[in-house]
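Computed from the coordinates by the stated procedures, all read-outs in this text should not be read as laboratory data. Since the model is a prediction, treat every value here as computed from it, not as a measurement. Please note: Cβ atoms are built from the backbone with ideal geometry, for glycine as well, and neighbour counts cover all protein chains shown.
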Amino acid sequence: MGYGLCRLWKRLILGCLLGAGLLCGVLSHAAPALGPVPTGGEPALGIAFRTARALGADHPVPSHLGIRIHVEKAFYKVGPLSLKGLQAVLGLERKGGVLRFSLQEAKVDEVAWTGGQRPLRLRHVELNVRGRIEPDGGIQIQEAEVRLPRAGTLWMTGEMAPEGPARLVLGSQRLRLESVLAGFPAPAAGWGLELPAELRATWVRDGTGRWRSNGRIRFRKASFHDAKFLHAGEALGAQVLWSLKGREGGLVQGRLEAQASAGEVLWDRFYVNLSSHPLSIELKGTVNARGKRWHVQQAQVELQEVASVHLAQSSGAWSPFSGRLHLKIPNQDLGPFLELFVREPFQAELPWLSEASWAGRLGADLKLWVGKGLERAIGRIRLQEGRLRGPGKRVDLSGVHVNLPVWYEQGGPSHRRGRTDAGGLVASPVGPAAQVHGLAPGLLSWRAFRISGFELGPARLAIKALRNGISLPEVTVLRFANGQAVRLGPVLVENVWSPRRTGRVKLEADPWDVSPFLPPSLRADMRPVVHLKDQEFILQGERIRAKNPFTVDLFSGTIRVDRLELHHLLSPNREWRLDASWTDVDLEALTRATAFGRISGKLRGSVTGFRFAYGAPISFDLILESQDDTPDKREISVTAIDNLAQVGTSRSPFVGMASLLKVFFKDFPYKKIGIRCRLENDYFTVRGLVNEGGREYLVRRGLLRGVNVINQNPHNRISWNDMMARLSRIGKSGKARVQ
Amino acid sequence: MTKGLTGKMTMAFLVFLLTSCVTINIYFPAEEVRKAAEDIVGDIRKEGASQPQEAPTGTPQSFLPRLWRFCSVVPSAYAAQEVQVSNAAIRQLKNRLSRLDSQAAPYFDKGILGEGADGYVVLLHPKSLSMKDRAKVSRLVQSINADRKALYAEVARALKVEKSQIPRIAQVFAEQWEKTARAGWWIQNPNGSWHKK
């Protein structure tokens, strides 16, 4: 948004100055020598006129002379300025050595200025000028009115001495500046501008060729928009004040102040009400017109109560525009900025933003190389006393201090990364460019970090900038409040400023009790312990995946996670993908933690193609098998059999007598449990894995007694809703219900 | 004579080569996509009609508690839907889209929004809105289109259709968005022109 506004202001100011310059040019060369139509050379003047008395060089000039000349089809050219089709009534009156002149109802078909990159042409200009020429040759414009078609009327007064001082005052009550700017290229096709302006400008030249100018442009109800009206400003009220001084053809020094304090601006999804947050710009610098160079000594852009950006000692060329900018953001409250430019624009898509809260003070010191876009940025961004609270306070990060070194190169190659002999990750040393610019390592620290049930103590992590990347080169031990610790680092993120970012995060936690992640009600029964040894998490765009398989101890068994991926981390459609297998899971401990019913024995199995998003599984292929290679007792309760049958076949083997049976039998021995459950396209299929005698068993009874659960309809597909209803019956009140 | 024969044979060989180019057929189950679009869009517009303007967003949970909740206790109950192409992501996207659709309906009614031929919502006449409303509607449109894009990708995955075919899926959905649009809504023709339903 800032860039677009900047371009707009630049066009406004340039247009205004050029318009004023054009008029000054016309008037400062208003008294060329009369003569025949020249064949070459400058200035050139061609006149076809009719008059009562002709004025010729060989005529003696009387002491009192009045003359009216009707000029038709004249042309005038001096330097890059030309007038075509001039038609006017020129009145001349000489009295006491003073020549009074007037140009009435003058019409010019075209005024052209060809001094710039693109010719600027104004058509159908009307003039009324009244002035006098003193005996010493000085010209006084007592009144000049210039009517530009569509642009409005400009008035001017002034005086100038030949080769001496000059003073011009230019003004307009209602100038349509967009018409003056029409000669400039629009930002893109379909853009519209309405810039009703009130102008007052003064230009003064002394006898030595130095000049100064100051003035003011006020915009009322100005507007701009793109073809779709999605980048637009409306009812804009702004004021631009300038004060410039310089020497003809040389250096121009100046100061510019602009303030926009009314109206609204929309830039795609970003909206700012300028009445609530006025925008002010202050700029002090120089322009070398001859060398086409610019230099900003000091500049400040402030969106009141939101953010302020300073520019110091920046310079460059203006055609084509390029330069080196020194950008400074003084420490300021982060809250209003994130509110306006993050929460409001994005909360419709990221609902968690509406519940998140943040605080802190943000600052930056960046050197930017601008040419075809941002070509390079080096510096650092600081955050002090930062705080972030996620929805439901599950994430609470406080006392955050960040000193982030930044090294961005447009299209620059990412830094080369190396690996140790042992295959470990090493961050490449910071390249020479960063050292040249004194890019010292930064720091990330926090006082407290709570995520779900985990509480991390204070930590400090060193950060290094790499070309288009960052790294945490050291291993940092992060200690939890419960005494556990994980080792984080090295961390390397490449192309960090691009959506195609890649990276590696090394994490070691062996063992790591992750039960605090679970809801409090489950922590008593479950204690998953993760073993992350020499583990790396790989970042690829919006995907994070564990590089190596790892294990989790749960219910006395071991789960081997072969694949763990998280897609679209910050998006509402973030999705987990998992492939895992397990052995020796204690079924008794597992079933105790659920309302399913007691089963004893050991369980092995696997899940492949597991996708979980929006709070529910999307697809999986699950295999659950009891282990018969262990000496453990294998029993299944009446409740569990009944529930298993409900889920699998929707038909209880007890035919409604489970309650009665429970009085006599609590458990039955079983020989084998084997179930395969698949979910795809919202349909579950449940198959028994024990095939005997042409039958498919979910549960195969023991040798002497027990109950078989037979899959009567192996090709049965259970719809999502049906399965939900079945599970709901099991889970209601946290207690299984046997029909 | 021999030269002429050789030339003819070479020509024949070239023609054979040209005509024997392998034709690669990309799998696109048009009828299944159409059926899925009919069901999904029908559900969205049906539910959208009965949705309150501002539905609560719900409290998101992290992965493990949600997974455990699903596995152990009572999974979320959803409105009855027996569509061929469905899964948790599609259901959730349908829920979100029906909520957003009900928010967008007044703007469709006023002709500010239109149904694009590419399966996405188009902001037709933003100028008629105040700047603040324009920002709101622009964000709403971006939200709807992001969800529609995710929906089309999910349908493609469910039907095992290549990612490159997602625009075709979107076009099939566009027909259903048009069919279920209310009278007076603006619809884009395949040639880019617009008509009022």
(request) Above 20 angstrom, tally the Cα pairs of segment A:192-285 and express them as a % of all pairs, no decimals. (result) 48
(request) With a Förster radius of 51 Å, plug the Cβ-Cβ distance of A:Asp333 and A:Arg174 into 1/(1 + (r/R0)^6) and report the FRET value to the nearest 0.05. (result) 0.80
(request) Work out the charge dipole of segment A:82-178 with +1 on the Cβ of Lys and Arg and -1 on the Cβ of Asp and Glu about the Cα centre, then indicate which of A:Leu177, A:Ile139, A:Gly164 is farthest towards its positive end. (result) A:Leu177
(request) Amide H neighbours of A:Lys671 under 5 Å, at least 5 residues apart or on other chains, H built in the peptide plane: list them. (result) A:Arg700, A:Arg701, A:Gly702
(request) Compute the distance in nm between two label points, each set 7 Å from the Cα along the Cα-to-Cβ direction, one at A:Asn691 and one at B:Tyr27. (result) 2.4
(request) Divide the volume of the convex hull of the Cα atoms of segment A:499-577 by its number of residues and quote the answer in cubic angstrom per residue. (result) 100
(request) Kindly state, to the nearest 0.05, the FRET efficiency for A:Glu375 paired with B:Asp118, given R0 = 35 Å and r defined as their beta-carbon distance. (result) 0.50
(message) Just to be sure I understand the model, the point goes 7 Å from the Cα along the line to the Cβ. What's the resulting A:Ile538 to A:Ala481 distance in nm?
(response) 3.7
(request) Report the extension gain between A:Ser556 and A:Arg500 in nm, rounded to one decimal, defined as 0.36 nm multiplied by the number of residues separating them, less their alpha carbon distance. (result) 16.1 nm
(request) Along Cα→Cβ, 7 Å out, is where each label goes; now give me the distance between the ones at B:Asp109 and A:Ser398 in nm to one decimal. (result) 4.8
(request) Assuming R0 = 60 Å, can you tell me the calculated FRET efficiency for the pair A:Arg523 and A:Ser315, based on Cβ-Cβ distance, to the nearest 0.05? (result) 0.45
(message) Please compute, for peptide A:223-234, the average count of beta-carbon atoms on other protein chains lying within 10 Å of each residue's beta-carbon.
(response) 3
(message) Between A:Asn548 and A:Ala161, what is 0.36 nm times their sequence separation minus the Cα-Cα distance? Round to one decimal in nm.
(response) 130.7 nm
(request) Quick one, can you get me the convex hull of the C-alpha atoms of segment A:441-593 expressed as volume per residue in Å³? (result) 126
(message) For A:Lys506, give me every one of the lysines with a C-alpha distance below 21 angstrom, ignoring sequence neighbours fewer than eight places off in its own chain.
(response) A:Lys464, A:Lys533, A:Lys547
(request) Quick one: which residues, 5 or more positions from A:Ala485 or on another chain, have an amide H under 5 Å from its amide H? H modelled 1.01 Å from N in the peptide plane, none for Pro or chain starts. (result) A:Phe480
